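Below: one structure, written as structure tokens.
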Amino acid sequence: MTSSSAAPARPAPAGPGTSSLDLAGLPGLSEAEASARLEQEGGNELPEQKKRTLLAIAIEVAREPMFLMLVAAGSLYLFMGEPADAAMLLSFVLVVMAITVIQERRTERALDALRDLSSPRALVIRDGVHRRIPGREVARGDLIVLAEGDRVPADGLLRRGINLAADESLLTGESVPVRKAPSAAAVALDPPGGDDLPSVFSGTLVTAGQGIVEVLATGPRSQLGRIGKALQQVEPEPTPLQRETGRLVRTFALVGLAACAVVVVAYALTRGGAAQAWKEGLLAGIAMAMATLPEEFPVVLTVFLALGAWRISRSNVLTRRMPAIETLGAATVLCVDKTGTLTQNQMTLRRLAVSGASIDLAGLESPLAGDFHGLLENAILASRRDPFDPMERALQAAGGRLLADSDHLHPGWSLAREYPLTPSLLAVSQAWQTGSADEVVIASKGAPEAIADLCHLPPAARASLTLEVAALASSGLRVLGVARGSARLPGLPTEHHDLELEFVGLLGLEDPLRPTVPAAVAECRAAGVRVVMITGDYPATAQSIARQAGLPDCETVITGPELDRMSDEELARRIGGVQVFARVVPEQKLRLVNALKANREVVAMTGDGVNDAPALKAAHIGIAMGGRGTDVAREAASLVLLDDDFSSIVAAVRLGRRIFDNIKKAIAFILAVHVPIAGLSMLPVFFAGWPLLLLPVHIVFLELIIDPACSLIFEAEDAEADVMRRPPRRPDERLFSRRTIGLAVLQGLSVLAVCVGVFLLARVGHTTDAARALTFATLVVAFVVIILVNRSWTRSLVAMLRVPNAALRWVVGGTTILLAVVLFVPVAQRILHFAPLHPGDLLLSVAAGLACVLWTEALKRRPRRGDTTALAV
């Protein structure tokens, strides 16, 4: 009686009746047959993936450019006799290796979770005898006895059953149980989902009834098994940041080695080629290599992502794959599953309709009025007292809230008879003894058309009912009809159709939207992130939730069967304009994610069921629900929402963008400071009369400023004000744009020019060591100024001084103290080849260091469109 576009009304499955399951003529397999099939086909569990050894993992990690960079830099420090610095860098080797091992183990745990879920204990019939065996020992052809509350151990066909219903949301995403109809003739499994089919599936839960199932598929051949295979075959892609870092590391390594060789040879030849010149040239070459090998790159990535994982955990998001934090800031499409992600995965009674009048129960706490009491009262009487079914549980919850302390709840009544639901009559009736002589009260609920049939409504009343049902169903509600009647115990009819019933009204149930979802979706839209809903539910229900959530243009829906008829080219063409996909099965979710990726979208996928695991792993960022999600979904995902709150995704997106912005600030700082270091290391090589300005010991000192500055100060910076009001960065956006590199190099050249000028000025009237000390002090001051200037490219240096940053105080304070020590303590002066300076000299170096990069403040007053990060594109 509902419209074709609406979700069909479905009654709650009935509780057990007086009938019992007929087991006659069902001997099942013999033990010998079962053993032979297990031997031939394998056990009812997923095959274990061959686990890589730690040595294999170590070899794979050793090929990573980031790893090679850390090892090379650490070895260089060892060669220079700096074991402390070498130990610090080489310790990051262990961090990189630990991250890779964690990723490897995560995949194995996902498969283990699938294997455990697919292997519950099972009650089988073998040689005519009931036996309880481990799920892994179930064989194809076994007969399984299922009852309410059982987990189905294998895929099969229902041969005999009484009112069997199963929760298949694990595979379909639909929260309402589906009815099962026994069939002796069926030979093949149907797709999951859909009522009155004989197919049952491994891992699903029996919510009502009982039955006998013939097993058709076990282990890797089951629906769960196919998902496990898909999960094995999906390989996570390296993030853009990882790819670009690899290119940078290789480039700088080659440049550093080439520069080292050039400096050694040039220095020696310009000084006559004597042995001493070659030794000094080798020292200059090592300093040059250190200046051009920015070992801070991998440190920055490791520290930023590790601290980012810690920060995001404070927003109830657990990070399982750290690079995904940065990638989330670039997400252009967020694919969400309806059930349990946008909705609460908990059926709720939403509307009551009686005689053309209706009431919305959302937020209603006051007592019900008029006939609505009787509607809810009879709906509860037609349900089990301790139900498994989610709709009956919703009715019980509503009764406890709205009928408490009233005489409309009847805990003292006893069940006299149950009239169970059948495929030909989708309704259940229960007759209750009231304790008053032989009086019996009858309550019925079910599909509205079935209740209308039981009540023998005239055509006009049925037509009116059809319109009312269609109106409720178009709002995405599950619609049930309710009727009531009375009888005397001796004359209680035996046939369902012989009951004398009066139509009471309609119930509208829904899986409600999470209250935080609309605001979260709105913020995603403001940030340029498109939200797409992919669900196994009916189109009308999906559209209703999409409208409530605030998704735009949700009138167009593509269903699973339509997807099957589409080519990849047609899907890629249409997917950009569709926000809602309904009746989608797991394989299609994976196909949708791949189609979006083929359109150069950066895809984030949320989900909570086994059905979501392959898509979670295939997406650039997989986000699992931690509370309601399965182990499989959590293990396959990059991020886990610990509180299952969709709005936490917004916080994660914001943090991802902040991290990328701050990484750009840190990398720009690294580029800027290495220019003067490299220049001051190389220039003396080509001028025979110049002494070496920077020795390895000086560069080690400078690293004490650079490392904490780039890894602590910039990491701790808050997000720019417009971080969630700008579109996602382009997928092909480079970490180092031409503008980024250009401005960083200009900052570095400005510092280099000022330092060279200070050195040339200091050579007049000063010793070589004094000129070197003055140049070094200017360089250190300039580094501090670069830090202050680059903290923000939307706010001035003065404004940023009022923005707290605990790391900044420690780094600047520590730098000032260390600089004072090396400039004024005689022992430190000798180690660094410095000479004492006069106060006037210090004022010169401070003034020069302050002035050399302040020109960049002028650029902040006229930012280019889109400039919101350090040296932004």
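The values are calculated or read from the model by the stated rules, or taken from the named source; none is laboratory data. These numbers were taken from a predicted model, which means no experiment stands behind them. Neighbour counts are summed over all protein chains in view; Cβ atoms, including those assigned to glycine, are modelled from backbone coordinates with ideal geometry. Note: areas computed on protein heavy atoms with side chains; ligands, DNA, RNA excluded. Shrake-Rupley method; radii C 1.70, N 1.55, O 1.52, S 1.80 Å.
Summary of values
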quantity: Some residue of the stretch 819-832 being crowded, with 16+ Cβ neighbours inside 10 Å and not in a helix (DSSP H, G or I); calculated: yes
quantity: Any chance LEU143 is among the aliphatic types (A, V, I, L, M), touching a strand residue (DSSP E or B) at 6+ places or on another chain (Cβ under 6 Å) and open to solvent by 50 Å² or more (accessible area, probe 1.4 Å); calculated: no
quantity: Filter pass, VAL578 being touching a Ser or Thr at 6+ places or on another chain (Cβ under 8 Å) and surrounded by fewer than 22 Cβ atoms within 10 Å (Cβ to Cβ); calculated: yes
quantity: Residues satisfying the stated conditions in the stretch 716-727, i.e. open to solvent by 10 Å² or more (accessible area, probe 1.4 Å) and of a type outside the set (A, V, I, L, M, F, W, C); calculated: ASP718, ASP722, ARG725, ARG726, PRO727
quantity: Looking only at the stretch 710-767, and only at residues there that are outside any helix (DSSP H, G or I) and over 40 Å from the mean Cα position of the chain (by Cα), the one that is modelled with the lowest pLDDT; calculated: GLY765
quantity: Failed condition for GLU857, given (1) crowded, with 16+ Cβ neighbours inside 10 Å; (2) closer than 21 Å to LEU779 by Cα; (3) at pLDDT below 85; calculated: (1)
quantity: The one condition in (1) closer than 30 Å to LEU349 by Cα; (2) under 20 Å from the mean Cα position of the chain (by Cα); (3) at pLDDT below 90 that PRO512 fails to fulfil; calculated: (2)
quantity: Some residue of the stretch 130-138 being of a type outside the set (Val, Ile, Thr), open to solvent by less than 20 Å² (accessible area, probe 1.4 Å) and assigned to a strand (DSSP E or B); calculated: no
quantity: Those residues of the stretch 206-220 which are under 37 Å from the mean Cα position of the chain (by Cα), modelled with pLDDT under 90 and either part of a strand (DSSP E or B) or over 11 Å from ALA139 (Cβ atoms) (or both), in sequence order; calculated: VAL206, THR207, ALA208, GLY209, PRO220
quantity: One residue from LEU507, LEU499 being farther than 29 Å from GLN344 by Cα, open to solvent by less than 10 Å² (accessible area, probe 1.4 Å) and modelled with pLDDT of 90 or more; calculated: LEU499
quantity: Residue check, SER436 part of a loop (DSSP other than H, G, I, E, B) and crowded, with 21+ Cβ neighbours inside 10 Å; calculated: no
quantity: So THR422, is it surrounded by 13 or more Cβ atoms within 10 Å (Cβ to Cβ) and over 44 Å from the mean Cα position of the chain (by Cα); calculated: no
quantity: Unmet criterion (only one of (1) modelled with pLDDT of 90 or more; (2) under 22 Å from GLN433 (Cβ atoms)) for ARG488; calculated: (1)
quantity: Answer from PRO182, PRO192, PRO153 - the residue that is in contact (Cβ under 8 Å) with a residue 24 or more places away in the chain, surrounded by 23 or more Cβ atoms within 10 Å (Cβ to Cβ), over 28 Å from the mean Cα position of the chain (by Cα) and not in a strand (DSSP E or B); calculated: PRO153
quantity: Residue match in the stretch 793-803 (condition: surrounded by fewer than 17 Cβ atoms within 10 Å (Cβ to Cβ), touching a residue at least 12 places away in the same chain (Cβ under 8 Å), out of contact with any helix residue (DSSP H, G or I) (no Cβ under 9 Å at 6 or more places or on another chain) and not in a helix (DSSP H, G or I)); calculated: yes
quantity: Number of the exception - TRP810 against (1) over 42 Å from the mean Cα position of the chain (by Cα); (2) under 21 Å from VAL673 (Cα atoms); calculated: (1)
quantity: Looking only at the stretch 470-495, and only at residues there that are more than 17 Å from LEU513 (Cα to Cα), of a type in the set (A, V, I, L, M) and touching a strand residue (DSSP E or B) at 6+ places or on another chain (Cβ under 8 Å), the one that is most open to solvent (accessible area, probe 1.4 Å); calculated: LEU489
quantity: Condition met for ARG462 (under 15 Å from SER383 (Cα atoms) and open to solvent by 60 Å² or more (accessible area, probe 1.4 Å)); calculated: no
quantity: Residue identified as open to solvent by less than 30 Å² (accessible area, probe 1.4 Å), among the aliphatic types (A, V, I, L, M), in contact with a helix residue (DSSP H, G or I) (Cβ under 7 Å, 6 or more places away or on another chain) and within 23 Å of LEU509 (Cα to Cα) among LEU164, LEU171; calculated: LEU171
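The rows are residues; the columns are (1) on the phi > 0 side of the Ramachandran plot; (2) of a type in the set (Lys, Arg); (3) open to solvent by 60 Å² or more (accessible area, probe 1.4 Å); (4) outside any loop (DSSP other than H, G, I, E, B).
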{"position": "THR339", "(1), (2), (3), (4)": "no, no, no, yes"}
{"position": "ILE359", "(1), (2), (3), (4)": "no, no, no, yes"}
{"position": "GLY363", "(1), (2), (3), (4)": "yes, no, yes, no"}
{"position": "ALA369", "(1), (2), (3), (4)": "no, no, yes, no"}
{"position": "HIS373", "(1), (2), (3), (4)": "no, no, no, yes"}
{"position": "ILE380", "(1), (2), (3), (4)": "no, no, no, yes"}
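The rows are residues; the columns are (1) crowded, with 17+ Cβ neighbours inside 10 Å; (2) at pLDDT below 75; (3) closer than 30 Å to ALA678 by Cα.
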position: MET288; (1), (2), (3): yes, yes, yes
position: LEU305; (1), (2), (3): yes, yes, yes
position: ARG314; (1), (2), (3): no, yes, no
position: MET322; (1), (2), (3): yes, yes, no
position: LEU334; (1), (2), (3): yes, no, no
position: THR343; (1), (2), (3): yes, no, no
